[in-house]
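> Just dropping this structure here.
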Amino acid sequence: MEITNTYIIQIDWDGSYTLNDLTKLMNEETDYGIYQIYGKHPIYGSDVLLYIGKADYQTLGKRISQESWLYNNDSKNTKIYVGRLHGQQTPTEEQWSKEIDLAERLLIYVHKPAFNSRSISSLPDSEMQNIHILNWGHHRDLFPEISGLRWSSKLDIYSYETYKWAVH
């Protein structure tokens with residue numbers, strides 16, 4: 001089987017922050033990235049992953065404050081984790097935006113947070129096949145590594161029977 005080049009997206013996670021801490025996340029003009037919201041869910045319990053979002057072309061603090069997390073029934077216990085992309089080179093703003101978008105979509109698809117229901121059911125398959133995410137730092141309940149190859153349909157042509165005979 002031919003595997004094409006893997007595109008690695010590294011995310012360094014920081015947190016936790018409270019809703020009152022959002023002003024700390026509004027200081028830099030280019031503080032973009034991904035964020036996770038943890039809190040109470042009526043079915044899944046308290047302190048669970050509720051939402052994964054992205055801040056692109058606006059700061060993490062500004063984007064998170066635009067949502068209604070302050071008005072949930074347990075907002076005092078809401079926890080926020082922010083992920084900033086990092087690597088050996090600083091990408092162009094266009095590339096940065098693309099990586100944030102791809103990372104958010106794959107993270108949502110794999111982890112299925114309760115309040116991301118609209119984005120859970122589909123994955124832009126061909127775009128995600130070669131994406132590999134490495135989560136560093138305080139990534140909380142996210143898997144430390146996520147492979148688009150694993151979660152896309154690229155390997156679906158191989159049945160269990162084919163695999164079983166190949167390894168024996």
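> Among the listed residues Asp21, Asp47, identify the single one that is within 19 Å of His139 (Cβ to Cβ) and either modelled with pLDDT under 85 or over 18 Å from the mean Cα position of the chain (by Cα) (or both). Spell out how you get there, then give the answer.
Numbers: Asp47 fails: either modelled with pLDDT under 85 or over 18 Å from the mean Cα position of the chain (by Cα) (or both).
Unique residue meeting the criteria: Asp21.
> Hey, another quick one. Taking region 24-37 as the search range and keeping residues that are surrounded by 14 or more Cβ atoms within 10 Å (Cβ to Cβ) and not charged (D, E, K, R), which one is farthest from Arg140 (Cα to Cα)?
Narrowing region 24-37 to residues surrounded by 14 or more Cβ atoms within 10 Å (Cβ to Cβ): 25-26, 31-37.
So of that shortlist, the ones also not charged (D, E, K, R) come out as 25-26, 32-37.
Details: Leu25: 19, Met26: 22, Tyr32: 19, Gly33: 16, Ile34: 13, Tyr35: 11, Gln36: 9, Ile37: 10 Å.
The qualifying residue farthest from Arg140 (Cα to Cα) is Met26.
> Look at region 38-65 and say how many of its residues are β-branched (Val, Ile, Thr) and surrounded by 21 or more Cβ atoms within 10 Å (Cβ to Cβ). Walk me through how you get there before you give the answer.
Taking region 38-65 and keeping what is β-branched (Val, Ile, Thr), we get 43, 48, 52, 59, 64.
Pick out the ones that are also surrounded by 21 or more Cβ atoms within 10 Å (Cβ to Cβ) and you get 52, 64.
The total comes to 2.
> Select from region 98-137 the residues that are among the β-branched types (Val, Ile, Thr) and at pLDDT 80 or above and write down the one among them that is nearest to Pro42 (Cα to Cα). Walk me through how you get there before you give the answer.
Restricting attention to region 98-137, the residues satisfying the condition of being among the β-branched types (Val, Ile, Thr) are 100, 108, 110, 120, 131, 133.
Filter once more, so that each one left must be at pLDDT 80 or above: 100, 108, 110, 131, 133.
Values: Ile100: 30, Ile108: 20, Val110: 22, Ile131: 33, Ile133: 30 Å.
Across region 98-137, the extreme among qualifying residues is Ile108.
> Ok, one more. Is at least one residue of region 58-77 closer than 22 Å to Asn135 by Cβ and part of a strand (DSSP E or B)?
Taking every residue of region 58-77 in turn, none turns out to be closer than 22 Å to Asn135 by Cβ and part of a strand (DSSP E or B).
> Here's something else I'd like to know. Being closer than 19 Å to Arg84 by Cα and either at pLDDT below 65 or of a type in the set (D, E, K, R) (or both) is the filter here, so list the residues in region 138-168 that pass it.
The first filter runs over region 138-168 and keeps only residues closer than 19 Å to Arg84 by Cα, leaving 138-147.
Matches in region 138-168: Arg140, Asp141, Glu145.
The values are calculated or read from the model by the stated rules, or taken from the named source; none is laboratory data. The structure displayed is predicted, hence computed values, not measured ones. Cβ sites come from the backbone with ideal geometry, for glycine too, and all protein chains shown count toward neighbours.
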